[in-house]
Amino acid sequence: MWRGGSNTRTCKRRFFSSPTRSRHHRPPYICRLHSRGSQHLKAMAEVDHLAAERATARFDVEEMKVAWAGSRHAVHVADRMARLVASDPVFRKDNRTMLSRKELFKDTLRKAAHAWKRIVELRLTEEEADLLRQYVDQPGYVDLHWGMFVPAIKGQGTEEQQHKWLPLAYKFQIIGCYAQTELGHGSNVQGLETTATFDPKTDEFVIHSPTLTSSKWWPGGLGKASTHAVVYARLITEGKDYGIHGFIVQLRSLEDHSPLPGVTLGDIGGKFGSGAYNSMDNGVLRFDHVRIPRDQMLMRLSQVTREGKYVHSNVPKQLLYGTMVYVRQSIVADASKALSRAVCIAVRYSAVRKQFGSQDGGPETQVLNYKTQQSRLFPLLASAYAFRFVGDWLNWLYTDVTQKLEAKDFSTLQEAHACTAGLKAVTTSVTADAIEECRKLCGGHGYLNSSGLPELFAVYVPACTYEGDNVVLLLQVARILMKTVSQLASGKQPVGTMAYMGKVQYLMQCKSAVSSAEDWLNPDAIQEAFEARALRMAVNCAQNISQAASQEEAAGFYERSPDLLEAAVAHIQLIIVTKFIEKVHQEIPGHGVKEQLQALCNVYALYILHKHLGDFLATGCITPRQGALANEQLGKLYAQVRPNAVALVDAFNYTDHYLGSVLGRYDGDVYPALYEEAWKDPLNETVVPEGYHEYLRPLIKQQQLKLSRL
Ligand SMILES: CCCCC/C=C\C/C=C\C/C=C\C/C=C\C/C=C\C=C\C(=O)SCCNC(=O)CCNC(=O)[C@H](O)C(C)(C)COP(=O)(O)OP(=O)(O)OC[C@H]1O[C@@H](n2cnc3c(N)ncnc32)[C@H](O)[C@@H]1OP(=O)(O)O
Ligand SMILES: Cc1cc2nc3c(=O)[nH]c(=O)nc-3n(C[C@H](O)[C@H](O)[C@H](O)COP(=O)(O)OP(=O)(O)OC[C@H]3O[C@@H](n4cnc5c(N)ncnc54)[C@H](O)[C@@H]3O)c2cc1C
């Protein structure tokens with residue numbers, strides 16, 4: 001192979017003979033390697049593997065792209081925006097991990113400004129602009145401006161307030177962020193300390209940070225970019241504390257960007273991983289009696305009159321949390337994007353990579369052919385599709401609930417909260433773990449920045465924390481489950497995703513009829529097992545809580561919270577499985593597309609069953625033999641997925657620019673790309689490293705001297 005051939009040896013020898021050559025003036029042997037190289041290396045590289053993989057697909061990839069994206073129109077627009085970004089040199093990102101924090105931040109400002117310029121020049125629609133920003137793929141202040149500041153004003157501002165503030169935000173005449181979390185409190189929103197005290201003399205609110213722990217801490221875009229924030233603070237008027245409310249507060253001058261009087265703010269410092277989320281200026285903010293006009297309180301849900309009287313509209317106070325609900329549903333859609341990127345990289349590379357198994361000098365085995373590789377990777381592939389479809393459904397639910405709220409129908413608010421909180425928690429936790437698993441599936445090369453996986457992981461893991469810590473959110477789901485179980489006795493029929501609990505009599509005693517591995521392909525068998533498991537776990541928790549009769553209900557909940565978490569996860573997994581089954585029941589055009597989705601749906605469900613077998617057995621929903629049959633069927637499904645695996649990730653339709661991974665390249669030409677990337681590292685700018693004369697040479701010389709004295 002070329003990797004171990006004479007060129008490499010030549011390189012090494014020459015490197016040591018030349019002290020300070022820059023990579024821009026590469027020694028002739030490198031130029032030779034590269035110019036002769038490209039073609040020569042390409043011929044020797046394993047490009048054909050992916051072509052051969054694509055030829056084995058048993059379905060129409062173009063139609064699968066439509067199923068993944070949601071419509072032909074969505075494929076077309078996404079494709080156009082992805083290519084627009086990929087072909088623009090300002091949006092290059094291959095050097096991102098090598099930039100200092102300051103350089104990275106400036107690069108983010110530059111990209112955001114350029115993206116805006118292109119959006120205006122090309123008169124892009126909102127849909128196109130959102131996609132363009134997604135493909136720019138660099139977290140920055142614009143995410144919070146469009147993703148939280150604007151939605152908070154839309155959701156909590158009166159029509160008059162929207163009329164005043166939204167046009168400014170839409171044209172970037174102001175830049176906004178969402179300042180809720182404080183140094184001392186994030187999860188416990190009701191525990192926030194910042195105060196907004198009404199002063200009837202001047203018709204103003206006085207915004208103040210009374211303690212160090214009341215400093216706003218974490219808001220993205222706050223540190224350096226934002227001019228305004230929606231600030232959450234305790235509203236105090238007529239001497240009474242009315243709890244948390246939202247206020248629009250200007251933070252920086254619109255002339256020179258300096259902080260306004262009484263405002264102290266800055267960045268909270270470097271975060272996990274190189275590059276990654278460090279492009280974002282998460283910030284700290286303190287107020288020293290900052291005055292804002294009364295009409296900058298977001299007054300859609302409650303108002304303070306000119307006289308200082310507090311008036312609450314006749315709506316649930318939880319509507320204050322509406323922006324978080326909105327963002328949580330979008331995070332579920334993001335989970336499928338992040339997971340599908342990692343899986344695309346790992347599947348393509350596993351098809352290219354070969355280890356062991358060479359017979360008589362023949363080729364080694366593609367690692368994708370190892371059953372262990374398949375059993376680790378294909379459930380993640382299935383999960384990417386599962387999250388995509390449940391994300392689409394959640395988006396529908398969110399839109400439906402929003403329309404009902406507009407009509408003053410609040411009956412589905414609890415359902416929206418439980419589904420967004422629970423699905424956000426489960427999909428982000430799985431995705432974060434899955435990205436790390438994909439790194440391991442790529443072996444050593446997965447650990448290189450050029451694989452794209454370390455950066456993806458570092459950017460993605462905070463999703464388990466922001467917009468609600470996943471454990472805190474699952475406990476919210478558990479509380480709603482307990483409430484629903486307690487209402488069953490009174491005959492109240494649960495609705496929406498809890499409706500299955502209404503079949504309590506049947507589900508508490510039913511036994512699975514599965515008697516062969518094939519029986520597990522029946523969606524009714526899967527659905528019943530998942531419903532029975534979720535319900536029995538919830539009922540067990542409820543019984544355990546009520547049996548602790550000596551305790552208050554809250555104390556019983558606290559004691560049982562680890563079990564409650566598991567019950568909440570079981571309920572959410574049931575929702576994901578149900579929505580996948582419903583998707584596959586729909587008419588899906590394209591040769592073989594429905595069959596592939598059916599197989600992935602079964603992989604997803606049976607993998608969860610296998611992984612959580614303890615739950616299914618402990619609740620008596622299935623027998624150990626039925627558990628073994630499910631695992632047998634899972635193995636058969638992996639074999640069915642194998643020839644389609646590369647085409648199934650091609651259907652995500654990601655450009656090489658968006659994937660940002662030499663291992664996940666569409667053409668599979670991995671090794672020359674890895675080799676090329678290595679030379680771009682700043683350490684390779686000089687052949688002899690900086691510090692050689694200060695530290696290495698004296699050390700070596702000293703040791704040589706010692707040895708010569710012996
Ligand atoms: C470089 C490579 C690039 C790669 C890129 C790849 C991928 C990128 C992927 C993703 C990036 C994309 C986007 C990034 C997006 C966002 C990140 C940035 C910003 C993050 C922002 C934030 O984090 S903002 C702050 C969020 N904070 C929280 O979420 C706080 C969590 N806490 C709470 O929500 C509440 O405090 C609570 C729910 C835990 C408790 O509420 P509380 O009122 O105190 O008490 P109760 O529990 O008693 O509840 C009372 C009743 O209210 C009901 N309820 C609670 N919440 C809601 C709700 N939201 N809606 C409706 N109802 C609700 C609850 O059920 C109770 O009801 P009952 O009284 O009937 O029992
Ligand atoms: C990258 C990033 C971006 C962010 N962007 C923003 C932003 O733009 N705007 C903003 O306002 N905020 C933002 N945040 C803050 C974020 O919303 C909070 O960090 C998050 O809500 C978690 O709250 P916390 O930090 O208080 O965690 P804590 O609540 O302190 O969690 C610590 C631990 O305690 C556990 N725990 C807490 N409460 C309970 C309980 N009741 N029962 C059991 N266990 C519990 C948690 O599970 C966790 O293990 C961001 C955070 C990050 C990491």
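Looking at the structure I just gave you, is Glu193 more than 16 Å from ligand 2 (Cβ to nearest atom) and under 25 Å from Thr237 (Cα atoms)?
no
Going by the structure shown, is Ser340 under 23 Å from Leu600 (Cβ atoms) and of a type in the set (S, T, N, Q)?
yes
For segment 196-208, state whether one or more residues are within 13 Å of ligand 2 (Cβ to nearest atom) and of a type in the set (S, T, N, Q).
Scanning segment 196-208 turns up no residue that is within 13 Å of ligand 2 (Cβ to nearest atom) and of a type in the set (S, T, N, Q).
Please give the number of the condition Thr365 fails out of (1) out of contact with any Phe, Trp or Tyr (no Cβ under 9 Å at 6 or more places or on another chain); (2) β-branched (Val, Ile, Thr); (3) free of Cβ contacts under 8 Å to residues at least 40 places away in the same chain.
Here Thr365 clears every test but (1).
May I ask you to list the residues in segment 453-490 that are outside any helix (DSSP H, G or I) and either within 8 Å of ligand 1 (Cβ to nearest atom) or assigned by TED's automatic domain parsing to the domain that holds Gly186 (or both)?
The first filter runs over segment 453-490 and keeps only residues outside any helix (DSSP H, G or I), leaving 465-469, 489-490.
Within segment 453-490, Thr465, Tyr466, Glu467, Gly468, Asp469 meet the criteria.
So Ala499 passes all but one of these: (1) within 30 Å of Gln633 (Cβ to Cβ); (2) among the aliphatic types (A, V, I, L, M); (3) in contact with a helix residue (DSSP H, G or I) (Cβ under 9 Å, 6 or more places away or on another chain). Which condition number does it fail?
(3)
Of all residues in segment 311-322 being farther than 30 Å from Ala112 by Cβ and open to solvent by 40 Å² or more (accessible area, probe 1.4 Å), which is farthest from the chain's Cα centre (by Cα)?
So the residue we want is Val311.
Filter segment 174-193 for residues that are touching a residue at least 40 places away in the same chain (Cβ under 8 Å) and not aliphatic (A, V, I, L, M); which is farthest from Ser226 (Cα to Cα)?
Gln190
What do you reckon, is Gln190 in contact with a Pro (Cβ under 9 Å, 6 or more places away or on another chain) and within 10 Å of ligand 1 (Cβ to nearest atom)? Before you say what the answer is, go through the steps one by one.
On the way: in contact with a Pro (Cβ under 9 Å, 6 or more places away or on another chain): no; within 10 Å of ligand 1 (Cβ to nearest atom): yes.
Spelling it out, it is not the case that Gln190 is in contact with a Pro (Cβ under 9 Å, 6 or more places away or on another chain) and within 10 Å of ligand 1 (Cβ to nearest atom).
Among the residues of segment 351-400, write down those that are in contact with a strand residue (DSSP E or B) (Cβ under 7 Å, 6 or more places away or on another chain) and among the polar types (S, T, N, Q).
Gln355, Thr365, Gln366 - these are the residues of segment 351-400 that are in contact with a strand residue (DSSP E or B) (Cβ under 7 Å, 6 or more places away or on another chain) and among the polar types (S, T, N, Q).
Kindly check whether there is at least one residue in segment 218-238 that is under 23 Å from Gln476 (Cβ atoms), within 29 Å of the chain's Cα centre (by Cα), open to solvent by 50 Å² or more (accessible area, probe 1.4 Å) and modelled with pLDDT of 95 or more.
Scanning segment 218-238, I find at least one residue that is under 23 Å from Gln476 (Cβ atoms), within 29 Å of the chain's Cα centre (by Cα), open to solvent by 50 Å² or more (accessible area, probe 1.4 Å) and modelled with pLDDT of 95 or more, so the answer is yes.
Mind listing whichever residues of segment 121-134 are surrounded by 21 or more Cβ atoms within 10 Å (Cβ to Cβ) and in contact (Cβ under 8 Å) with a residue 24 or more places away in the chain? Give the steps one after another, and end with the answer.
Within segment 121-134, the first condition is being surrounded by 21 or more Cβ atoms within 10 Å (Cβ to Cβ), and the residues that meet it are 131-133.
Scanning segment 121-134 gives Leu131, Leu132.
Based on what the data block shows, is Tyr135 within 23 Å of the chain's Cα centre (by Cα) and among the hydroxyl-bearing types (Ser, Thr, Tyr)?
yes
Tell me, which residue of segment 461-476 that is in contact with a Leu (Cβ under 9 Å, 6 or more places away or on another chain) and either more than 9 Å from ligand 2 (Cβ to nearest atom) or of a type in the set (A, V, I, L, M) (or both) is most open to solvent (accessible area, probe 1.4 Å)?
Val471
Residue by residue, here is whether (1) at pLDDT below 95; (2) within 16 Å of ligand 2 (Cβ to nearest atom) holds:
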| residue | (1), (2) |
| --- | --- |
| Val90 | no, no |
| Arg96 | yes, no |
| Ala113 | no, no |
| Arg123 | no, no |
| Ala129 | no, no |
| Leu144 | no, yes |
| Pro151 | no, yes |
| Glu182 | no, yes |
| His185 | no, yes |
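Would you mind stating whether Gly361 is at positive phi, away from ligand 2 (no atom under 16 Å from the Cβ) and not assigned by TED's automatic domain parsing to the domain that holds Ala645?
No, not satisfied.
Going by what's in this entry, would Val325 be described as of a type in the set (A, V, I, L, M, F, W, C), in a helix (DSSP H, G or I), away from ligand 2 (no atom under 16 Å from the Cβ) and within 35 Å of the chain's Cα centre (by Cα)?
no
Residues in segment 246-293 that are over 24 Å from Ala196 (Cβ atoms) and outside any loop (DSSP other than H, G, I, E, B): how many? Walk me through it before giving the result.
Going residue by residue through segment 246-293, those that are over 24 Å from Ala196 (Cβ atoms) are 255-257, 267, 269-281.
The next check asks that each one be outside any loop (DSSP other than H, G, I, E, B); those that pass are 267, 276-279.
Counting residues in segment 246-293 that are over 24 Å from Ala196 (Cβ atoms) and outside any loop (DSSP other than H, G, I, E, B) gives 5.
Rundown of residues vs (1) over 18 Å from Val142 (Cα atoms); (2) open to solvent by less than 10 Å² (accessible area, probe 1.4 Å), yes/no style:
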| site | (1), (2) |
| --- | --- |
| Glu182 | yes, yes |
| Asn188 | yes, no |
| Leu212 | yes, no |
| Ser253 | yes, no |
| His257 | no, no |
| Asp267 | no, no |
| Met280 | no, yes |
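Looking at Arg96, Arg118, Arg101 in this structure, which one is buried (at least 21 other Cβ atoms within 10 Å of the Cβ) and of a type in the set (Lys, Arg)? Before the answer, list the steps.
Values: Arg118 fails: buried (at least 21 other Cβ atoms within 10 Å of the Cβ); Arg101 fails: buried (at least 21 other Cβ atoms within 10 Å of the Cβ).
Going through Arg96, Arg118, Arg101 in turn, just one is buried (at least 21 other Cβ atoms within 10 Å of the Cβ) and of a type in the set (Lys, Arg): Arg96.
A quick yes/no check of all residues on (1) touching a helix residue (DSSP H, G or I) at 6+ places or on another chain (Cβ under 9 Å); (2) in the same structural domain as Val290 (by TED's automatic domain parsing); (3) hydroxyl-bearing (Ser, Thr, Tyr):
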site	(1), (2), (3)
Glu160	yes, no, no
Gly191	no, yes, no
Thr213	no, yes, yes
Asp241	no, yes, no
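Does Phe356 meet the test of being within 16 Å of ligand 1 (Cβ to nearest atom), open to solvent by 40 Å² or more (accessible area, probe 1.4 Å) and over 24 Å from the mean Cα position of the chain (by Cα)?
So Phe356 does not fit the description; no.
In the list Ala538, Ala568, Ala532, which residue meets the criterion of being in contact with a Cys (Cβ under 7 Å, 6 or more places away or on another chain), assigned by TED's automatic domain parsing to the domain that holds Glu632 and open to solvent by less than 10 Å² (accessible area, probe 1.4 Å)?
Ala532 is the lone residue from the list that is in contact with a Cys (Cβ under 7 Å, 6 or more places away or on another chain), assigned by TED's automatic domain parsing to the domain that holds Glu632 and open to solvent by less than 10 Å² (accessible area, probe 1.4 Å).
For Asp143, work out the one condition from (1) in the same structural domain as Lys271 (by TED's automatic domain parsing); (2) within 11 Å of ligand 1 (Cβ to nearest atom) it doesn't fulfil.
(1)
Looking at segment 623-632, which of its residues are touching a residue at least 40 places away in the same chain (Cβ under 8 Å) and open to solvent by less than 10 Å² (accessible area, probe 1.4 Å)?
Once the filter is applied, which keeps residues that are touching a residue at least 40 places away in the same chain (Cβ under 8 Å) and open to solvent by less than 10 Å² (accessible area, probe 1.4 Å), segment 623-632 yields Leu629, Ala630.
Would you mind listing the helices (runs of 4 or more DSSP H) fully within segment 106-176 where at least 3 residues are under 26 Å from Gly70 (Cα atoms)?
Working: elements: 126-136, 141-144, 150-156, 159-170.
Answer list for segment 106-176: 126-136, 141-144.
Restricting attention to segment 207-225, which residues are part of a strand (DSSP E or B) and touching a His at 6+ places or on another chain (Cβ under 9 Å)?
Ile207, His208
A quick yes/no check of all residues on (1) buried (at least 20 other Cβ atoms within 10 Å of the Cβ); (2) within 12 Å of ligand 2 (Cβ to nearest atom):
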residue	(1), (2)
Thr399	no, no
Leu405	no, no
Lys408	no, no
Thr412	no, no
Ala418	yes, no
Ser429	no, yes
Ala434	yes, no
Glu455	yes, no
Ser486	no, no
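The values are calculated or read from the model by the stated rules, or taken from the named source; none is laboratory data. None of the values given here were measured: they were computed from a predicted structure. With ideal geometry, Cβ positions are generated from the backbone for all residues, glycine too; neighbour counts draw on all protein chains shown. Areas reflect the complete protein model, heavy atoms only, side chains present, ligands, DNA and RNA absent. Shrake-Rupley method; radii C 1.70, N 1.55, O 1.52, S 1.80 Å.
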